[in-house]
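Following: one structure in structure tokens, then a few remarks.
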Amino acid sequence: MTKKPESTESLNPGHDYPDLEVSPPEDWAVGLPAIYHSMEPAIVQLGLTRTAKLMTSMNQKDGFDCMSCAWPDPDKRKTLEFCENGARAVTWEATPVTVPTSFWAENSVSDLLTKSEYWLGMQGRLTEPVYKPAGADHYEPISWEKAFSLLGERLRALDSPDKAVFYTSGRTANETAFVYQLFARAYGTNNLPDCSNMCHESTSLALGEVIGVGKSTIAYDDFERADLIIILGQNPGTNHPRMLTALEDAKKNGAKIVAVNPLPEAGLMRYKNPQKVRGIVGRGTTLADQFLQIRSGGDMALLQALSKRVLDAEAAKPGTVLDHDFLEKHSSGLAEFTAHLADLDEAEVLAATGLDAAEIDELADRYLSSDRVIISWAMGLTQHRNSVATLKEIINLLLLRGNIGKPGAGASPIRGHSNVQGDRTMGIWEQMKPPFLDAIEAEFGFSPPRPHGMDALKSIAAMQKGEVSVFFALGGNFVAALSDTEATEAAMRGCDLTVQVSTKLNRSHAVIGSEALILPTLGRTEFDLQKSGPQFLSVEDTVCAVHATHGSVPPVAPGLLSEVSIVTRLATAVLGDSGPIDWNGLEADYDRIREHISRVVPGFEDFNEKVRRSSGFILPNGPRDTRSFDTETGKAMITVNELEPLERPEGRLILQTLRSHDQFNTTIYSLNDRYRGIKNGRDVVFVNPEDLTELGLEDGQRVDIASEWPGEPDRYLRNYRVVSYPTAKGCAAAYFPEANVLVPLASAAIGSNTPVSKAVIVRLEPVASASTR
Ligand SMILES: Nc1nc2c(c(=O)[nH]1)N[C@H]1C(S)=C(S)[C@@H](COP(=O)(O)OP(=O)(O)OC[C@H]3O[C@@H](n4cnc5c(=O)[nH]c(N)nc54)[C@H](O)[C@@H]3O)O[C@H]1N2
Ligand SMILES: Nc1nc2c(c(=O)[nH]1)N[C@H]1C(S)=C(S)[C@@H](COP(=O)(O)OP(=O)(O)OC[C@H]3O[C@@H](n4cnc5c(=O)[nH]c(N)nc54)[C@H](O)[C@@H]3O)O[C@H]1N2
Ligand SMILES: [Mo]
């Protein structure tokens, strides 16, 4: 065991950060500091050799897929094909620091509850299974055999399989996801919530309904062919940094870029490419040609206003604006849509967006003068009450000018977790459609359950009613990632048994059922050796490309099991080894899993051969490849959606919860958010200066943030420092996961049931000066 970083108690959520420093935000991203920031922690923690091996394997054709986001890999790779935050994610996982056996006797579960996510993560990699018996306050080491036999007993004892819930976080590879959903369904439940429920579920639902595929309709190369790229609700400089390179290339080819965001995010404004000398020393590339500083939740109004301007332009010069050929052959619903938008109230649009009519006109002109348009989005669009309808409006706008299924154009949701899209393709969904379940039945000879299972929010509601006995998580940090931390944690504590398959400690290991297990697993960077020899896995990126991922370094400790081993051994423990599925055979040779997948999941025919090609393969995609749309009307559906602007009550702000630069979801790498000027702290709330004046508050003042939801007591996040910040008026921002305490469980997107993490109605209450620092 190597030396552990110092514990820093002040990193606890709810604690003060005495060294917090605030300075003005940056207006550019990446460049020299990024290279420095990305390499330094790796070299310190991993040593030069391991760092060199890892960094030259990352995102290479024979290496492993970076686990930091679902951004695709270009066909021509650089020697170092990664970004600052990818390097951080790898360092975090591949650290040689491990949790020693003595840790469990020294730290009770109650102790762990007082620790911050940062402290927990810094304890190092988990290396042995541990078990907390009912009534005890300590985990204790347990053998793998005992852990599986206990799991077998507990799961077999449930009077209904629906009393168990099987969660997945999006790092799980395709093969693992496939065996995991297969096990859950063979056991008898569709209770397969996943992180997608909190992430791009609105995308999957909206696009699935109107174009027949809940995924991107573009390929990687389309960025460099586009005339116009509109990016809404996404902060690529932090969350998808390699996208900036694609945007820079697009600009070189003449594309214009428009950013729509309440915050002027550094990465959207200007970019210095660290892989180029010019990027390091020069001013870099100005990315956004136009920045629309929209109000939270105003995107649906903006999109409708744009479509209305397109339709008005067509009315003024009939036959010259719309793509009539495309619309006639491939779409339905244009007439109803046109009639509906005729009544669009411009005043309502301007109020909802906070934009000037001239800004919307300018973007409409850009759209009209571009032949190939990509619209890209992430959490700023998916985590709102009206997200599903908003995303349908993106499709409406694209369809009007045939911007789907042609080069350089399309809908481009940018997924988050590196294999969250693949997990869904493999059947991780509580609502998988009959053809998939039929294929499982034909392949394996058992009848999977047909009623829908529970998603993330429904699982918590069922726990609150005492209807869930066992919660099993394949990765992730469920209690920290979900809304209303207090209620979610109370619900989780009501379970009889909670199980976490994890690489590192997090809050979900301390908020547990009466009995609990932690099962440590291999990370994606590590070799995976099974009976038939070395194994590899596969992932699907945000543009539907599937490719292999090979571990590149030895496992951090002996005795770690791969996720596939854990799932297949769990299945044997629960279902026995005489059933129709040869779990041991699947564990011994992942090619056998891929053979099953090739017969069950469309697009994966000859999987074993295709995945061995150096660049992998691209999944078929009706809208992108042939302009075919597997929808209710058999065409791309232009839909009518009622505008319901987000109301901001007097004296309140709309708070969005978002990521700092130095975190990966609930994993906190450091207390800095460089581009936004924050150092050594996270207890900040960003507020527009005019709002501060109106509310009688000042920059630097301490406030309690109270979130309001009708009929429920206010929820509080206490003693936060106000930061005067150029966010859109009326719209504040604070970091997740801490701010999850403010998000009501009842506040969910219509249809997709995604927590509304980007629009919490809050009040800022000054903290009496005695309690401020
Ligand atoms: N380094 C790093 N990389 C990551 C992650 C990470 O935590 N760290 N997380 C991964 C995951 S799982 C995901 S899903 C992605 C998340 O990637 P992002 O979606 O970029 O993540 P957020 O930080 O939630 O940023 C949301 C952006 O939307 C804007 N926004 C908020 N509300 C609105 C709105 O109403 N309208 C508009 N137009 N914009 C709005 C915010 O100002 C912010 O710029 O990143 C993935 N990659
Ligand atoms: N308020 C608010 N809440 C949000 C969001 C928001 O913007 N605002 N964003 C939402 C989004 S987009 C998402 S995707 C969810 C994320 O929800 P989750 O996916 O549940 O959370 P993560 O923080 O990504 O999970 C981190 C943990 O995964 C484990 N882990 C890491 N690598 C591996 C591995 O290879 N195998 C296994 N088995 N475990 C591993 C580690 O133990 C680590 O602590 O959070 C959501 N919650
Ligand atoms: Mo996500």
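Here are the numbers for the structure shown:
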quantity	calculated
Note, ³J(HN,Hα) from phi for the range 108-120, Karplus 6.51, -1.76, 1.60, rounded to Hz, x at Gly and Pro	7, 4, 4, 4, 4, 5, 8, 8, 7, 4, 4, 4, 4
Estimated D of the chain in µm² per second, where Rh is the Kirkwood radius over Cα pairs and Stokes-Einstein applies at 4 °C, 1.567 mPa s	49 µm²/s
Accessible solvent surface per residue of the chain, calculated while the other protein chains remain in place, 1.4 angstrom probe, Å²	35 Å²
Accessible-area composition of the range 653-766, carbon plus sulfur, in percent [1.4 Å probe]	51 percent
Highest average packing first - 370-377, 716-723, 580-587, Cβ atoms within 10 Å	370-377, 716-723, 580-587
Sequence-distant lysines (8 or more away, or on other chains) whose Cα lies within less than 25 Å of Lys215	Lys61, Lys76, Lys251, Lys256, Lys329, Lys392, Lys406, Lys433, Lys458, Lys610, Lys635, Lys758
Under 16 Å from the Cα of Lys146 - lysines, other chains or at least 8 residues apart	Lys132
Highest-first arrangement of 539-547, 288-296, where packing means the average Cβ count within 10 Å	539-547, 288-296
Dipole of the chain [Lys/Arg +1, Asp/Glu -1 at C-beta], most positive-end residue of Thr217, Thr390, Ala733	Thr217
Sorted peptide list for 707-715, 748-756, criterion being average Cβ within 10 angstrom, highest first	748-756, 707-715
Within the accessible area of the range 294-398 (1.4 Å probe), percent carbon and sulfur	50 percent
Karplus 3J(HN,Hα) series, Hz, for the range 632-649 with 6.51 cos²θ - 1.76 cosθ + 1.60 (x for Gly, Pro)	4, 8, x, 9, 5, 9, 7, 10, 9, 10, 6, 6, 10, x, 6, 7, 10, x
DSSP beta bridge pairing in the chain, given as percent antiparallel to the nearest 5	45 percent
Antiparallel bridges, percent of DSSP beta bridges restricted to the range 479-584 (to nearest 5)	45 percent
Gln530 long-range amide H proximity, modeled H, under 5 Å	Gln535
Value of relative contact order over the range 653-766, rounded to a whole percent, pairs C-alpha under 8 Å and six or more apart	37 percent
Mean separation of Cα contacts under 8 Å, 6 or more apart, over the residue count of the chain: relative contact order %	21 percent
Antiparallel bridges, percent of DSSP beta bridges restricted to the range 201-413 (to nearest 5)	10 percent
Using θ = phi - 60° and Karplus 6.51 cos²θ - 1.76 cosθ + 1.60, couplings along the range 727-734 (whole Hz; Gly, Pro as x)	8, 4, 5, x, 10, 9, 8, 8
Sulfur and carbon atoms: percent of accessible area, the range 123-170 [1.4 Å]	50 percent
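The values are calculated or read from the model by the stated rules, or taken from the named source; none is laboratory data. Predicted model only: the values in this text are computed from it and were never measured. With ideal geometry, Cβ positions are generated from the backbone for all residues, glycine too; neighbour counts draw on all protein chains shown. Ligands, DNA and RNA are excluded from the accessible area calculation, which covers all protein heavy atoms including side chains. Shrake-Rupley method; radii C 1.70, N 1.55, O 1.52, S 1.80 Å.
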